[in-house]
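The values are calculated or read from the model by the stated rules, or taken from the named source; none is laboratory data. None of the values given here were measured: they were computed from a predicted structure. All Cβ positions, even for glycine, are placed from backbone atoms using ideal geometry, and neighbour counts span all protein chains on display.
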Amino acid sequence: MENMIKKKILKRLNIIKGQIEGLKKMIESDKYCIDILVQSMAIKNALSGIEDLVLENHLKTHVKDQFRNKKEQKAVGELIKIFKLAKRK
């Protein structure tokens with residue numbers, strides 16, 4: 001994994017960790033439902049951002065190498081798998 005992308009992901013994961021702890025406390029203290037939903041959606045968006053970074057890394061490294069090494073079918077198959085999973089959201 002590219003070092004810059006890895007650093008961004010780890011930073012975001014630490015932020016998400018704090019958001020999840022905050023969400024847990026909100027639920028434990030019976031906070032307003034809309035506030036809980038807003039926090040939950042922020043966490044989902046942050047995770048989506050991580051997915052974007054991992055995909056970016058995969059395209060820049062693994063897919064590029066797969067095409068260079070004549071493994072186009074594997075690269076295309078992996079991308080179709082991810083595309084189908086993303087459509088289910």
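Cβ-Cβ under 7 Å, sequence separation 6+ or interchain: first residue in segment 1-24 and closer than 21 Å to Asp35 by Cα, partner surrounded by fewer than 11 Cβ atoms within 10 Å (Cβ to Cβ) and not polar (S, T, N, Q). Which pairs?
none
Return yes or no: is Lys8 charged (D, E, K, R) and either in contact with a Lys or Arg (Cβ under 7 Å, 6 or more places away or on another chain) or exposed (fewer than 15 other Cβ atoms within 10 Å of the Cβ) (or both)?
The answer is no for Lys8.
Can you spot a residue in segment 65-73 that is acidic (Asp, Glu), out of contact with any Asp or Glu (no Cβ under 7 Å at 6 or more places or on another chain) and at pLDDT below 95?
Looking for residues that are acidic (Asp, Glu), out of contact with any Asp or Glu (no Cβ under 7 Å at 6 or more places or on another chain) and at pLDDT below 95, one finds at least one in segment 65-73, hence yes.
Could you pull out the residue among Asp35, Asp52 that is assigned to a helix (DSSP H, G or I), over 30 Å from Ile80 (Cβ atoms) and either within 12 Å of the chain's Cα centre (by Cα) or acidic (Asp, Glu) (or both)?
Asp35
Say we look at segment 63-78 and pick out the residues that are exposed (fewer than 13 other Cβ atoms within 10 Å of the Cβ) and in a helix (DSSP H, G or I); which of these is farthest from the chain's Cα centre (by Cα)?
Taking the candidates together, the pick is Arg68.
Test Lys81 against the criterion of being part of a loop (DSSP other than H, G, I, E, B), surrounded by 10 or more Cβ atoms within 10 Å (Cβ to Cβ) and free of Cβ contacts under 8 Å to residues at least 40 places away in the same chain, and give yes or no.
Spelling it out, it is not the case that Lys81 is part of a loop (DSSP other than H, G, I, E, B), surrounded by 10 or more Cβ atoms within 10 Å (Cβ to Cβ) and free of Cβ contacts under 8 Å to residues at least 40 places away in the same chain.
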